Amino acid sequence: MKYKVTLNKRVYEVEVEQGEAMLLNEYELAAPAAPAAPAAAPVAAAAPAAAPAAPVNLAAGETVKSPMPGNILRINVTQGQQVAEGDVLLILEAMKMENEVVATKAGTVAQIVTSKGAVVETGTPLVVIA
């Protein structure tokens, strides 16, 4: 299970597995542009930390998107690999279940947009098949 913990204006991404905690990432919160009411400041500061990274330029082709929110456990393909319709591209963990994300068409993997361990939302681009 992955958690984001904020301590002293620093955000720590922590993964806890069978009683062991492992630090994944650490970064400082961005200061709000305009001062807000004390109760509203933490909410405003938390939003940028949860926002996804800058938009990714996708290769031409059909984009396979995440069917649900979860964590990427394993990527079974590489860029340039030939895949058939129905081949398992990656494993997505959601609600403690491993879900197979399959190729929606036959073709070549043009781009892998995600990475192992990434937290994705519904509709997040994962793989592009040309």
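The values are calculated or read from the model by the stated rules, or taken from the named source; none is laboratory data. A quick note: this is a predicted structure, and the numbers were derived from the prediction, not measured. The area values use the complete protein model at the heavy-atom level, side chains included, leaving out ligands, DNA and RNA. Shrake-Rupley method; radii C 1.70, N 1.55, O 1.52, S 1.80 Å.
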Q. Which whole-number percent is the relative contact order of segment 58-102 (Cα, under 8 Å, 6+ apart)?
A. 35 percent
Q: Taking only protein heavy atoms into account and a 1.4 Å probe, give the accessible area per residue of segment 54-130 in Å².
A: 56 Å²
Q | Over 20 Å (Cα to Cα) - which of 9/116; 2/105; 65/116 fall in this group | A | 9/116; 2/105
